[in-house]
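The values are calculated or read from the model by the stated rules, or taken from the named source; none is laboratory data. These numbers come from a predicted model, not from an experiment. Quick reminder, even Gly has a Cβ in these numbers, built from the backbone with ideal geometry, and neighbours come from all protein chains shown. Quick note on the areas: whole protein, heavy atoms, side chains included, nothing else; ligands and nucleic acids left out. Shrake-Rupley method; radii C 1.70, N 1.55, O 1.52, S 1.80 Å.
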Amino acid sequence: MTQEEIRKILNVGVMLSSERDFNKLLEQILSSVMELAHCDAGTLYLLDGDVLRFRILRNHTLHTFSGGDGTLPDLPPVPLSPENMCARALLENRTIHVEDVTKSRDYDFSGAARYDAMTGYHTRSMLAVPMRNRSGVTLGVLQLINAMDEERRIRPFSAEMNLVLESVASQAAITIQNVRYIREIQELFRSFVRAMS
């Protein structure tokens, strides 16, 4: 790992601990993780009952970005089924790496295939990292797509990045939980003020 990569990791920690706007926080989490992993696309899902909901979606090649302003991307949620790679990462609480989704038979990549057919994109390498808080509760999943080399050619995600991304994802989950607590306290206070007036 280079000095520059170490500096970026430390900067991510500082940035996450200072952001209090929930939507900006989610946007910064995905952007930072994508930069660290040198990947072209990514999605941040949050657990909502028995599904994973798209919160932020980004794809550099297609110049698409959705979800950072608080509106959810217009995509159906992912059921917590072990056939889905990101759902399996959450269910088994582990990072999952697939070098080439077109050759993998372990998961259902029909959604990626449909997306590629509609947009002309070429999904190949994929990494799913669960976001766990201090208590071990998984709040969501970061899904990263198409790691890129310096010439912008698609390559598999490097094994050494797994630990880095797991560490950042864990810190992200803790920050998400803290921001949620702050929002709940603020809402409780506002309700109290309304009741008193």
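A few notes on this one:
- Note on segment 34-143: enclosed strands (runs of 3 or more DSSP E) holding 2 or more residues that are touching a helix residue (DSSP H, G or I) at 6+ places or on another chain (Cβ under 8 Å) and of a type outside the set (S, T, N, Q) are 39-48, 51-59, 96-98, 126-132.
- Subset of segment 147-161 (residues that are in a helix (DSSP H, G or I) and surrounded by fewer than 17 Cβ atoms within 10 Å (Cβ to Cβ)): 159, 160
- Here is the figure for segment 28-76: residues that are in contact with an Asp or Glu (Cβ under 7 Å, 6 or more places away or on another chain) and β-branched (Val, Ile, Thr) total 2.
- Taking every residue in segment 135-158 that is more than 23 Å from residue 56 (Cβ to Cβ) and of a type outside the set (Lys, Arg) and pairing it with any residue that is open to solvent by 10 Å² or more (accessible area, probe 1.4 Å) and not in a strand (DSSP E or B), at least 6 positions away or on another chain, the pairs with Cβ-Cβ distances below 6 Å are 156/99.
- Scanning segment 99-110 for residues that are out of contact with any Asp or Glu (no Cβ under 7 Å at 6 or more places or on another chain) and either hydrophobic (A, V, I, L, M, F, W, C) or in contact (Cβ under 8 Å) with a residue 24 or more places away in the chain (or both) yields 99, 100, 101, 109.
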